[in-house]
Amino acid sequence: MSRTIVVTSGKGGVGKSSISINLGYALASAGHKVCLIDADFGLKNLDVMMGLENRVIYDLKDVIANKCSLNQILVKDKRMDSLFLLPACKSLSFENLNIDYMMKMIEHLKEDFDFILIDSPAGIEKGFQYASGLCQEAIIVVTLDVVSLRDADRVVGLLLKQGVTQLHMLVNKYNDDDIHKGRCLNLKDAYDILSIPLLGIVYDDHLMIEANNKGMPAYMNKTLSISQCFDRIVKRLQGIEVPFQKNKKKPLLERIFK
Ligand SMILES: Nc1ncnc2c1ncn2[C@@H]1O[C@H](COP(=O)(O)OP(=O)(O)O)[C@@H](O)[C@H]1O
Ligand SMILES: [Mg+2]
């Protein structure tokens, strides 16, 4: 059955777009057909981060104006045949689109795709509410700092109110050294604040920044430990138990988070 998942956060800059893209690649390489929707309409980032900017010809505005079909705005990825991008449209505001129209669009996409990942705009404004209104499931991206986790807690409350009950926490920019030196919160703190299951961690790695800037997603470099983080996340999304961390320094935490 097809799954529609919104990738969201409270605080901006925690890595929603990076996670959406790399998870898209990881799901596609595990044999799934994936559609990434860039719902951060004002910014329009995913096409650039995936190196697909020059391939975007039409956008949602053209579909609404009957200038092209929904299938024509989907941009096929250069590296993965089963990964497609529905790009954002700068001159259109996501929340001003007709919700029934968007629901129909998602239903149509569900016929063709195994996973639809929606990269939500930051914050809890209309764009976020709109994006999450289209899903049953959400990945809440956090970093291990108080502001990110407090803001995420607010988002969890709003998602539950909207009826999005299948919630996963994903800790991005995870840095073992910072945790052990007490420079940031740890995974138990994060769990205590949010009380939602941990789907996985993605290491803090400057190669992620470089990859995003080159339009060549970090996941595609299979030698990176970041790439393995996403493979584990894909397995957990499918209900397969995988060790939480290779470097098992905290067996208690591993038992808590699986
Ligand atoms: N795991 C990571 N390690 C290092 N930098 C990261 C990581 N994930 C994201 N970044 C960087 O953090 C910044 C914000 O990421 P982005 O995905 O645009 O966040 P958001 O979509 O939440 O605003 C970018 O410069 C990105 O390259
Ligand atoms: Mg973003």
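A dipole drawn for the chain from +1 and -1 charges on Cβ atoms has a positive end, and of TYR130, THR8, ALA30 the residue lying farthest that way is ALA30.
Here the translational diffusion coefficient of region 1-63 follows from Stokes-Einstein with Rh set to the Kirkwood radius across Cα pairs; for 10 °C and 1.306 mPa s it amounts to 121 µm²/s.
Think of the chain as a dipole: +1 on every Lys or Arg Cβ, -1 on every Asp or Glu Cβ, centred on the Cα centre; then among ILE73, SER91, MET220, MET220 lies furthest on the positive end. Each Cα pair under 8 Å and six or more residues apart adds its separation to the average, and for region 3-257 the resulting relative contact order is 25 percent. Computed from Cα positions, the angle between helix 16-29 and the longest principal axis of the chain comes to roughly 80 degrees.
Over all orientations, region 65-121 has a Cα convex hull whose mean projected area works out to 4.7 square nanometres. For region 123-211, the relative contact order works out to 32 percent when only alpha carbon pairs closer than 8 Å and six or more residues apart are counted.
Computed from label points 7 Å out along Cα-Cβ, the spacing between LEU43 and THR223 is 3.1 nm.
Of all the Cα-Cα pairs you can form in region 3-257, what percent are over 24 Å apart? Percentage above 24 Å: 44.
Restricting the calculation to Cα atoms, region 123-229 shows an Rg/Rh of 1.00 when the hydrodynamic-style radius is the Kirkwood one.
What is the percent of Cα-Cα separations in region 115-166 that go past 19 Å? So the portion of pairs separated by more than 19 Å is 20 percent. Pairs exceeding 20 Å between alpha-carbon atoms, taken from LYS44/LYS76; LYS90/LYS110; LYS126/LYS214: LYS90/LYS110; LYS126/LYS214. Take every DSSP beta bridge whose two residues both sit in region 3-257; close to 5 percent of them are antiparallel.
No value in this document is a laboratory result; all are computed from the given coordinates. Quantities reported herein were computed from a predicted structural model and do not represent experimental measurements. All Cβ positions, glycine included, derive from the backbone under ideal geometry; neighbour counts span all protein chains shown.
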